[in-house]
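These notes concern the structure reproduced below.
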Amino acid sequence: MKSQIPSTKSQTNSKHQASNSKRFGIWDLEFGVSGPERAGITLLLVILILSAILSISLGILDVVLGEFRISGEITDSFIALYAADQGIERILYDDRVQGNICSGGGNCSYGPVQTALSNGSCYVLRLIRTGADTTVTSTGEYRCANTLLSVKRAFETAYTYSTSTSPPLLDDNFGTGSSANDIPNWEEEGNDNNADAEARAAGSGDDSASPDGGRFAAIGGDEWICRSISAVGFRTLILTYYWRGDADAEDNETGGVEHRVGGDCESESGWTTAASHQLDSGDADASTWSSLQSVNLPASLNDASFFLRLRNAANSGNEDFRVDAVKITAIPN
């Protein structure tokens, strides 16, 4: 009997261990866990499953957010593109039609100039001209104030700027020969047949010949000469001339070039001064004729008819404003 007791106790322990052990498998592997370890393994499995679900959820969220971001960038891109398109149309019109970006051919640089639009976008314009070769860039941008989130799109175009000119719209050197009180094709202030304004033959002193030679217009104090100009069908108007003052002129007495659209030569107001010159040449006593002056007339005169007036603002009739070789060139539209 005593020899059978240990055997019975061993069998009892084996049954107890078998009843408290669990077996589980992952893929083709099997594990056995007994008693207290089961709770820890269950918690670990829950954490693993939740981690996997969280990872999948984060991946899906990243994809969704990416799609939203792409959709937003496409919208922003279109807005920036529309802004760039608006800018390129403006600068091409201003340069090729209005002619107020650069004056004709030659080297020229414009910009960058930014213009803000009402929808939060803007465009930046640049123009570079080397001779007649011109490159224009318009960069549209959305959210211009936020450099981190801004989206930019640009247009660039290159073209050859036409510098071919028609015959001058005005070309008057006032002829040759003896002096004439009535200046042909010019309206004069007051009586056209007096000597207050005349086509004067070259002489000596202040009346020496201009670089153009022949006669010149001599306009007395508080006098003017004026004529109408038709620039219809033309742009980029450039006025050139020589001028000389008078040794008798005082400081702040000037001669100038004026223009206006509408009205007539007799109009008292509405004149715009294109150029003004001190008749005493800055206390140099009007010792010589000027070099050839060149004045870019404003774009408001493009494709328009207007009046051109040469006026002496001196207060004495014998302080003359002398002008010669008056010419206006332009480019056909």
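Read the figures in this text as sums done on the coordinates, not as results from a lab. Computed from a predicted structure; not experimentally measured. Methodologically, a virtual Cβ is constructed for each residue, glycine included, from the backbone with ideal geometry; neighbour enumeration extends over all protein chains shown.
A simple spin-label model places the labels of residue 222 and residue 150 5.8 nm from each other, with each point 7 Å out along Cα-to-Cβ. A straight chain from residue 43 to residue 305 at 0.36 nm per residue would run longer than the Cα-Cα distance by 85.0 nm. Between residue 293 and residue 269, what's the calculated FRET efficiency when r is the beta-carbon distance and R0 is 22 Å? Round to 0.05. Step by step, r from the Cβ atoms, then E = 0.30. Highest mean packing comes first when the peptides 129-141, 42-54 are listed by Cβ atoms within 10 Å, giving 129-141, 42-54. Placing a pseudo-label 7 Å from each Cα along the Cα-to-Cβ vector at residue 74 and residue 247 gives an inter-label distance of 8.2 nm.
If R0 is taken as 35 Å, the Cβ-Cβ distance between residue 181 and residue 100 corresponds to a FRET efficiency of 0.35. Identify the residues of segment 201-219 with backbone N under 18 Å of a label point that sits 7 angstrom from the Cα of residue 195 along the Cα-to-Cβ direction, or state none. Residues passing the 18 Å test: 201-209, 215-219.
For chymotrypsin sites (Phe, Trp or Tyr not before Pro), no site in segment 238-333 is both called loop by DSSP and has at most 12 other Cβ atoms within 10 Å.
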